[in-house]
Structures are given as C-alpha cells and as structure tokens.
C-alpha cells in the first residue's frame, strides 16, 4: 500500500526538485478579474513550470472569492495538473492549501470535498481542534495532510510561540510532536515557515523524518541556503519549498522555476 | 456605525431567541444526495424555523462536498435567509461556519468570499495563526468573526487544554483574552462548547461582555440549564446556541424550534 509521501518521494526523484509551485490567482495578477482569468493564470503557470515541480499547491481562497465559478476553475486547474502528470508519466501531487479544521462528520465532508470532489492528493490543516479533526483526512494512506506548525507571519507569536508549562517548549513544538505521533500511515507533514531558521531547525530536531512544507523562500525573502541547512533531513530531502509570485511574476516563469530548482540542487549537494 | 453585534442584539430582541439554527446538509438526511437535495433540505428548514431563529449557521463543508454546485446551493440558502429577513422586517444574521484561518492577502480573499461573494454576516475562524489572520475579517464592523476557543470534541485536549507557562491557564483562555483585546469594533465572538460548563464559565469570566457561539445543546447532549447558567452574560444574553439535528430531524422542525426557544426564555427568566 503506497502512502502520500511515497508518491511525493517518487516525484521528487523524477523532477529532481523540491519546488512546490503555488497557484495563487491574486486578482491583481489576472488577465481578467474573474474565475476564467484565475483558471487561465494557473493553466499557463502549470504548462510552463510542470517539468520543475515536485508538487503544485493551489490556494483555495483565491478560487473561493469567485464563488461557484471559482470552484469550477479550481477543478479545471487540478485536472490540468493531472494531464501534465500523464504527459510526463510521473504523478505530480496537488496539495490543496485550504487550512481547514473541523470535527467528525464535518471533517469527513471536507476530506470528501478535497480528495474526492476536487481530486487533490493532500491538504493543509489547522491543528487547533486536535487529533479527531485531523484523522478523517488520514484514513486513506495515499492522501496526506500538512498541519500548520510554525508560520512566519507576525501573529504567529500570539499562540504558536507560547511556552507550554511542563515542557518549557513553544506550542509549535507540541504540534510537531503530536503530528509525528499521528503519522503512522506516512501521510502527515508540517507547515513550517522558511524565514525563521532557528524555529525550522528546532522543528526538524523534534520531527527528524517528516516532510515540511516551508513557505517563505522567494517573495517573502527567506535565505534559501540557510533554510535548507536548517530544514533538510539527513538524506537531503524532507523539505518542500512553495514559491508563488517569485515565479509567476517573473518574465519567464519556466526559466525562473528551472533556475530555482537548480540552485536548490546545488545547495543540497553542498550540504549532504 | 453599527457593528455585527448590534445587528445580532436587535435580532435577538425581535425573535426573543438565542437559537442559532444550523444548516448542515448531511448526505444521509437529504431527499437526494446532491447539491439540489442540500438546498431543498436547507430551504425547508429555513422556511419552518425562521421565526424562532436569532441566526442561521450554514456549515461550508456540507456544501463544498458537492463542488461548484454545492457552492451555488450555499448561495441560494443565504439568499433564502435574506428573503425571510425582508418578510419579517428583521435582519437574521448568517454565520458562515467555515473555520478558515490564513494570512494577509489570503485571509482577505476568504473574507471577500464569505462577506461579499456569499453575503454572510459573520464567519467562524481558527485562531492558530494569530492576529493578522483575523484582522481582515474585522475591517468592516458590521461583519463579525467567532474564533474557535474551547471545543467539545475529544481532540480539544491536544492543544486547547495545554497550560501556558507563566499564566497557569489553559491555551483556550489565552485565546479568549486575545479575542477580547481584538474586539475594538464590537465584532469578535468566541466558539465555546456548551457541554463543558466549567470551561464555559471560565471563558465567561475571562471575557464577560463577549458573545459566544456555544454548540452542544441538543444532539450533542449538553444540559441546557447548566450551559445557560455557565455561559450567559449578566444581562441574560451573550450566548448563541447552535442546534442542528435536534431540530432538522424532528417530525416538526418549526415546533421543535419554538419549544426550544421557549424553554430557553424560561431558563433565562429564572436566572436573571
């Protein structure tokens, strides 16, 4: 039985890439400010960057803002990734960035929405409601979930950095340890910002074998080598680097993706 | 300038009710297992219970599971609440139970989706990403947000009950204090389970003036009088009681809603 991370590892090998191309159709970047514009924006980006993508990550919010037609655009976008996968003979996982989090039958409905209706392979989730809010997303090993752990926004300090009594550790490390305990089917990952290398390396210590989705490289200005040094597993993998605007806004997105992928390979080579 | 809670207070007066009717189209309850069935289920429920509703609370998950057509059904459902409001000459707030939580431009897109595209008046949010993930939902005082604080599922213990060093208090009380600090426009509430009266009364002490959305009465078995005693503000308000299956699955949903509303009035009268 193959797990989500078996699929991801295969794709990382096939593409020699740790890049996760973000599909974030910001209204200001669209050819027309509607769902068709959002689809066109994403389809173009998929076409140009699929060779260099370990995964694609559409953000649900930028589709939902267009209502039902946005939802249809999201389905077309995920379908386009599936077509690229077939063309390449290599499954490119789609991580739906949705940050959902609800309980029991509601969580099951969200899992159905992401995995069955939309056909995504993984989803991002909030951990605030605990284990039973996460479990419905983990029932099928070939589908995965990345739990928010330590983010890089200013408000992250409000909850994530609070020290948990008895352990002396910040809340985000408690989340990392829980996620590791819940990872019995090899389909749980963590979202850990790439812009705070100290935090990234503490999470890596707490969860040495897990995959992290580490945003912040590129538009958010994280230093690539420092992030890789702090976050890579010993085998030089375990870190998926989402990049959106740094690629989508460049004059040649394919070239930008290829260059970033190659830069990562070079640093991986130095570090391992 | 009127705030979300001014609208809610008016509606509570107009309906003499603290009931928040949940619109949760579980597939097993639908006349047909699709988006049309979900819409029909909710429209019937709105028609029968609107007189006794302080608010309606559609849960996004049960619509999203049907993809784009589910999203269209959700729009029809919110439109039906607006029509009932016009018929009654009293605005019935729609609280979109979506438990979103993301940062900056993404949070703005979610706020646009809930408030502009769908026309909801308030939304439920996860607090895990902190202040800047909540702020985009609070920019317009007439729109509100309820932050997850203390839920009643087993997994709530995983994060919410952890003791914060230095304060000796559980994390959920830290969330209550933060939410109170962020409530400068009278549009922030909290989600606090009704089934754990001790926790409910601790949150009430920490946030004496705030509105709580307190699920657990009805199908989840919370004792109504104990919950009201623990959670009501001194003025006998401040607690919105979501009920879904206990009303939707009864032979006569209108009668069930009326009886529950009256029972609450009776307890309010005793307690204040």
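Read the figures in this text as sums done on the coordinates, not as results from a lab. What you are looking at is a predicted structure, and each value in this text was computed from that prediction instead of being measured. Methodologically, a virtual Cβ is constructed for each residue, glycine included, from the backbone with ideal geometry; neighbour enumeration extends over all protein chains shown.
Of the beta bridges DSSP finds with both residues in segment B:4-271, what % are antiparallel, to the nearest 5?
Details: 2 of 28 bridges.
Percentage antiparallel, nearest 5: 5.
Calculated on C-alpha atoms, the gyration radius of the protein assembly as shown divided by its Kirkwood radius gives an Rg/Rh of 0.97. Between segment B:135-214 and segment B:36-101, the alpha-carbon centres lie 25 Å apart.
Which order do the peptides A:257-270, A:70-83, B:140-153 take when ranked by the mean count of other beta-carbon atoms within 10 Å per residue, highest first?
Packing order, densest peptide first, comes out as B:140-153, A:70-83, A:257-270.
Relative contact order of chain B: 18 percent, from C-alpha pairs under 8 Å at least 6 residues apart in sequence. Starting from the label point of residue A:119 at 7 Å along Cα→Cβ, the same points in the other copies fall at 3.3 nm, in ascending order.
Per residue of A:163-170, how many C-beta atoms from partner chains lie within 10 Å of its own C-beta, taken as a mean?
Values: counts 6, 6, 9, 3, 3, 1, 1, 1.
Mean partner-chain Cβ count within 10 Å for A:163-170: 4.
Only helical runs count toward this figure. For chain A, summing -39,500 (n - 2.57) over DSSP H runs of n ≥ 4 and dividing by all residues gives -13000 deg cm²/dmol at 222 nm.
If you take the Cα atoms of segment A:122-272, find Rg, then find the Kirkwood Rh from the mean of 1/r over all pairs, what is Rg/Rh?
Details: Rg = 15.7 Å, Rh = 16.0 Å.
For segment A:122-272, the value is 0.98.
Each of B:1, A:210 was scored by other Cβ atoms within 10 Å of its Cβ. Listed from fewest to most, they are B:1, A:210.
Within 10 Å of the Cβ of each residue in A:145-155, the mean number of Cβ atoms contributed by other protein chains is 4.
Which semi-axes, in whole Å and largest first, does the equivalent ellipsoid of segment B:8-144 have when worked out from the alpha carbon gyration tensor as the square roots of 5 times its eigenvalues?
Numbers: eigenvalues 113, 81, 27 Å².
After scaling each eigenvalue by five and taking roots: 24, 20, 12 Å.
Roughly what % of Cα-Cα distances in segment B:4-271 sit above 34 Å, to the whole percent? The calculated P(r) of segment B:4-271 puts 12 percent of pairs beyond 34 Å.
Here is how far apart the residue B:223 label points are across copies: 6.1 nm, shortest first, using a point 7 Å from Cα toward Cβ.
Peptide A:49-60 is shielded by partner chain Cβ atoms: per residue, an average of 1 of them sit within 10 Å of its Cβ. Pairs of C-alpha atoms in segment B:32-108 farther apart than 22 Å represent 28 percent of all such pairs. Projecting 7 Å from Cα along the Cα-to-Cβ direction, the label point of residue A:105 sits 3.9 nm from its equivalents in the other copies, listed shortest first.
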